[in-house]
Amino acid sequence: MREIVLDTETTGLSVESGHRIVEIGCIELEDQILTSNRFHCYLNPQRKVSEEAFKVHGYSDEFLSDKKKFHEIAEDFIEFIGDKKLIIHNAQFDLSHLNNELKILGKKPILKDQVIDTLDIAREKFPGSQISLDALCKKFRIDNSKRKLHTALIDCELLSKVYVNLIDQKEPKLNFLEEKGEIKNNENSKINFCKDIIQPTASELKEHQIFLKKSLKKNYF
């Protein structure tokens, strides 16, 4: 099963205030294992970044001024996510901004049915606890020392590990075909292992006792 871990950074909190996306990060999971497939871009939001947002992600107006606009990457983004499930932390925020950008271009919105919100999972799993991404990293002992600022790809990588822990899949699923009592080698031939207990003969036991007396020092404690 292929899933997409997704995160965005924006010029500010509210779409209603005219804020836009400045970064999109996506990484693909296959059976909860990271693949090499990624989608990442910085975007020119065509407006100023708020002071509060700058403190969060550190992307200045100057840095973003020569980046592509959303309409230039929209088709590539839509093709990348396809109909795969989207893993997002606090999906309401990201969806509102993504769907605002898609609406401006007359594109179909991303539906909630396509999204798994790890914030909802964490809220149900740990009621009353802190459930920010940093708090969950700490809870699951995930190293988040690289997260000096909020950046989409780093947040995606951390979220992918948090997600695996939240769904109680502590280790990624490996799609090995197993058969009880058998292991297949590279030539697909079966190797059977004997599970019978073989008892030593009387002569073997006698030789073992002689070996112990000659070879091992006596213990006095």
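Would you mind getting me the FRET efficiency between residue 48 and residue 103? Use the beta-carbon distance for r and R0 = 22 Å, nearest 0.05. Don't skip to the answer; put the middle values down first.
Working: r = 22 Å, r/R0 = 0.98.
After rounding, the FRET efficiency stands at 0.55.
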Which order, highest average first, do 92-102, 22-32 follow once you tally other Cβ atoms within 10 Å for each residue and take the mean per peptide?
22-32, 92-102
A chain fully extended from residue 132 to residue 198 at 0.36 nm per residue, minus the present Cα-Cα distance, gains in nm 18.1 nm
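Express in nm, to one decimal, how much length is gained between residue 17 and residue 140 on full extension, taking 0.36 nm for each residue of separation and deducting their alpha carbon distance.
On the way: separation 123, 0.36 × 123 = 44.28 nm, distance 3.58 nm.
Value of the extension gain: 40.7 nm.
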Mean Cβ neighbour count within 10 Å, used as a protection proxy, ranking 117-129, 71-83, 199-211 highest first
117-129, 71-83, 199-211
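Every read-out reported here was derived from the displayed coordinates using simple, explicitly stated rules and does not represent laboratory data. Since this is a predicted model, take the numbers as computed values, not measurements. Heads up, the Cβs are rebuilt from the backbone with ideal geometry, glycines too, and the neighbour counts pull from every protein chain shown.
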